[in-house]
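Undergrad: Got a structure for you, questions after.
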Amino acid sequence: MSPELLKMKEVALIYLDRSGGLQKLVDDCKYYNDSKQSYAVYRFIISVNPSDITELDAALGNQILHEPLKAAQIFQSVCFIAVKTLSLIEQLQTEAQISIVLKPTHLPSLPSYVLSLCEFPFNYMSQRFYMSEGIVIAMGMVTKYTQGARFLCSEDSCPFSEGFRYIRVHLPGATESATVRNDFVCSLCTSPLQEDMKFRVLGDKQLVEMIDAKALRAFQGHFNNKPHFRIQSFTVFLRDELSNKVKIGNRYRFIGIPACVQNGPQATVCIEVNNIQLYTPKDPSHISDNFKYLLSLTSNSCWRFSAILANIFASQVVPPGTYNTLKLSMLLSLVQTCDEDTETAGYLDLLVATSDTLIVDRLLNYSICLVPRGIRHPPSSNIFPTVCKDKHGTGTASIQACSALLAKGGVCFIGELSSYKKDKLDLLQSVLESRTSTIFIPGKKYGEDADQQVTLPVQTSFWSFVNVDSSSKKHVQKDNSLIGQMDLSFISANLIDAFGLLIHCSELSSCQLALPLMHHILKKAIDPEEALYTVSQEFRTQDYEELIVFAKNLQVELDPEAERLIHGYYLASRRVRTDSIHGSTLSASALKILVSLSEAHAKLSLRRKVLEEDVLIAVLLLESSLTLKHGASVFCVAPNAVFPFDLIDESSLQQRDVYLRQCYQQLLQFIATYGPGIHTTTNEE
């Protein structure tokens with residue numbers, strides 16, 4: 001044995017002793033001893049910190065990082081000697097029976113250790129550790145693979161016809177045939193080797209397909225002047241303890257060894273994952289100086305900052321001051337998106353009724369690009385998860401993410417609602433109501449003994465629009481419409497109710513707004529890159545991206561007065577919107593929507609406490625939506641209740657504040673009159 005190799009083995013033993021690895025080895029051996037099963041291979045997982053090992057011995061640290069298979073052999077020898085010396089496993093005979101899996105805690109933060117399929121060239125032939133990340137877009141079922149097997153010489157007189165001389169173990173990137181097949185021969189007598197089946201060790205294996213997070217830009221449908229790049233999904237192998245550790249649609253960071261796997265005539269680049277964890281983004285903790293200055297200027301009113309944000313928002317698409325209610329609703333929906341894997345997020349779904357379909361489509365499409373998980377659903381694909389046969393030849397089922405799960409924690413813009421067939425709309429309604437999507441997997445088709453039903457959470461906000469002009473030509477108008485109710489009889493009433501907010505906007509029908517809108521469209525058609533307004537330069541798209549990220553990460557809490565106001569309005573509205581025939585037209589989800597809107601307005605206003613002023617904006621938006629869906633109630637609000645005036649100067653902002661304070665008094669009066677036992681405090685009291 002060379003002095004260098006001996007030194008590395010000594011360092012490996014010292015590291016195991018200091019890091020607690022030896023104690024873990026003892027515990028694992030106790031498990032094998034207690035088991036009644038006979039093993040050909042004893043598998044041990046060793047967590048290694050490359051930094052700590054490099055401090056002890058640079059040569060061993062370098063080998064772990066760049067030649068992990070050779071490094072595993074060093075730890076294999078050390079563990080074998082330790083097990084035999086301490087008599088930890090009585091049945092252990094040869095060093096080949098020890099299988100070591102090295103799991104680095106991290107890799108150096110250097111470009112040479114980062115792997116990305118969006119970059120060229122891609123070095124997939126070097127069998128060393130790389131760090132990468134990706135979004136899960138497809139998941140296969142968990143199947144079995146051979147961890148290790150024992151082979152014996154078929155010649156009875158050969159010394160290797162017994163014992164544990166020939167042990168085959170799985171190596172990263174190796175196929176099943178590389179571990180187990182029938183053409184192995186004895187190195188002593190060249191007779192064929194035969195597998196001793198009772199000693200075969202099986203493990204779990206799962207194939208997962210991932211895609212680089214940058215690839216989601218291709219699903220946003222908005223040209224943002226970013227450079228072109230190559231998009232390719234890649235297959236990830238999750239084995240044993242890592243099986244079923246990922247969720248479809250989530251983004252993960254992992255360490256693994258790339259390999260090239262032959263699948264018939266094709267070669268597939270795969271990654272054998274060694275360590276995987278949920279990706280936690282490093283969000284910016286600041287907003288632009290212009291927004292900070294605007295916030296300080298509007299500090300004397302709880303309504304002005306959000307109003308100005310909506311007024312000047314998306315000036316690259318529409319002139320400032322147009323579509324303000326829609327723009328405010330979109331901003332509220334965007335700040336309610338959530339990066340965390342949580343089922344309690346208050347997602348806000350928007351349905352826009354408009355005759356300005358082209359402009360609204362551009363506006364919605366522009367807005368989804370402000371969040372990392374903003375997806376424009378392509379009409380040719382499926383919105384919700386589907387199942388198909390695994391393309392790697394296993395014959396098992398593979399669940400495909402589709403648009404809704406790719407937009408996890410963000411927004412899925414599904415385009416015009418009336419373009420979908422009834423079965424798709426029924427499925428959409430079911431998902432909006434339950435926030436889950438159920439997939440049926442027939443066992444006979446995918447080689448399983450029984451049928452399976454998989455339910456996946458759908459954690460995204462849905463945006464859509466309907467063309468009220470084209471639909472009115474195809475459908476007979478209702479004669480019994482209530483005051484303020486919009487005729488959307490061509491769409492299921494239950495589906496409309498499933499959307500949190502219904503917004504009506506048709507700026508082109510207004511003579512006052514049509515001219516600047518047309519002027520904007522013509523100017524943009526001539527020069528798409530020209531900044532037509534000063535606010536476009538002062539408040540850039542990037543500034544809004546940072547603002548939304550900052551706002552959505554604010555942890556807000558409900559003020560007791562605001563909570564009483566929410567419950568008071570909800571109970572009063574249920575009372576006035578109930579009849580003896582149809583019951584209440586106010587759905588049970590309305591309370592959740594109201595809370596979510598209130599929290600969103602507080603976040604957008606960069607506050608950590610939800611105030612009564614936030615609740616008022618939420619009530620006006622929800623009541624306007626309910627009026628469009630079911631007609632006006634006793635608490636009658638104007639169609640443009642949130643933006644009754646054009647915001648052109650300080651005076652118009654002051655005028656709007658006065659109007660909203662009047663609305664607040666009307667709300668208190670409405671609750672006092674129709675709310676069962678709800679006490680609200682007025683200014684006079």
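The values are calculated or read from the model by the stated rules, or taken from the named source; none is laboratory data. All values reported here derive from a predicted model rather than from experimental measurement. For neighbour counting, all protein chains shown are included, and Cβ atoms are generated from backbone atoms with ideal geometry for every residue, glycine included. Heavy atoms of the whole protein, side chains included, go into the accessibility calculation; ligands, DNA and RNA do not. Shrake-Rupley method; radii C 1.70, N 1.55, O 1.52, S 1.80 Å.
Undergrad: Using a Debye calculation, one point per C-alpha and no hydration shell, please list log10 I(q)/I(0) for the chain at q = 0.10, 0.11 Å⁻¹ in order.
TA: The calculated log intensity ratios at q = 0.10, 0.11 Å⁻¹ are -0.99, -1.11.
Undergrad: Something else about it: Where in segment 366-407 are there trypsin sites (Lys or Arg not before Pro) that are in a DSSP coil and have at most 14 other Cβ atoms within 10 angstrom of their Cβ?
TA: Loop-located and lightly packed - none at all.
Undergrad: Kirkwood hydrodynamic radius, computed over distinct alpha-carbon pairs, for segment 39-117: how many Å, to one decimal?
TA: 13.9 Å
Undergrad: If you place +1 on the Cβ of every Lys and Arg, -1 on the Cβ of every Asp and Glu, and leave all else neutral, what size is the dipole of segment 1-130 about its Cα centre, to the nearest 20 Debye?
TA: That gives segment 1-130 a dipole magnitude of about 240 debye.
Undergrad: Follow-up. Just to confirm the number: angle between the C-alpha axis of helix 422-434 and the first principal axis of the chain, 0 to 90 degrees, nearest 10?
TA: That helix lies at roughly 80 degrees to the long axis.
Undergrad: With a cap of 14 neighbouring Cβ atoms within 10 Å, and only residues DSSP puts in a loop, list the trypsin sites (Lys or Arg not before Pro) found in segment 238-328.
TA: When the trypsin sites (Lys or Arg not before Pro) of segment 238-328 are filtered for loop state and at most 14 Cβ neighbours within 10 Å, LYS245, LYS282 remain.
Undergrad: At 0.890 mPa s and 25 °C, plugging the Kirkwood radius over alpha-carbon pairs of segment 1-58 into Stokes-Einstein gives what diffusion coefficient in µm²/s?
TA: 187 µm²/s
Undergrad: Separate question: Working from Cα positions, state the angle (0 to 90°, nearest 10) between the long axis of helix 590-604 and the longest principal axis of the chain.
TA: 90 degrees
Undergrad: Each residue of segment 558-563 in turn: what ³J(HN,Hα) in whole Hz from Karplus with 6.51, -1.76, 1.60 and θ = phi - 60°, glycine and Pro shown as x?
TA: Once θ is set to phi - 60°, the couplings for segment 558-563 become 7, 5, x, 5, 5, 5 Hz.
Undergrad: Let me ask something else about it. Taking the DSSP beta bridges in the chain as the whole, what percent of them are antiparallel, to the nearest 5?
TA: Around 65 percent antiparallel, to the nearest 5.
Undergrad: Give me the net charge for the shell around GLN63: Cβ to Cβ below 13 angstrom, other residues only, Lys and Arg +1, Asp and Glu -1.
TA: Once all neighbours under 13 Å are counted, the net charge is +1.
Undergrad: Related question: Could you sort SER367, SER492, SER126 by accessible area so the largest value comes first, with the probe set to 1.4 Å?
TA: Ranked list, largest accessible area first: SER492, SER126, SER367.
Undergrad: Per residue of the chain, what 222 nm ellipticity follows from adding -39500 (n - 2.57) for every DSSP H run with n ≥ 4, rounded to the nearest 500?
TA: -11500 deg cm²/dmol
Undergrad: Note the angle between two axes, namely the Cα long axis of helix 612-630 and the longest principal axis of the Cα atoms of the chain, as a number of degrees from 0 to 90, rounded to the nearest 10.
TA: 80 degrees
Undergrad: Normalised by the number of residues in the chain, what is the relative contact order in percent for Cα pairs under 8 Å and 6+ residues apart?
TA: 11 percent
Undergrad: Would you work out the charge dipole size for the chain about its Cα centre, treating the Cβ of every Lys and Arg as +1 and the Cβ of every Asp and Glu as -1, and quote it to the nearest 20 debye?
TA: 1040 debye
Undergrad: What number comes out for accessible area per residue over the chain if the probe is 1.4 Å? Units Å², please.
TA: Normalised by residue count, the accessible surface of the chain is 47 Å².
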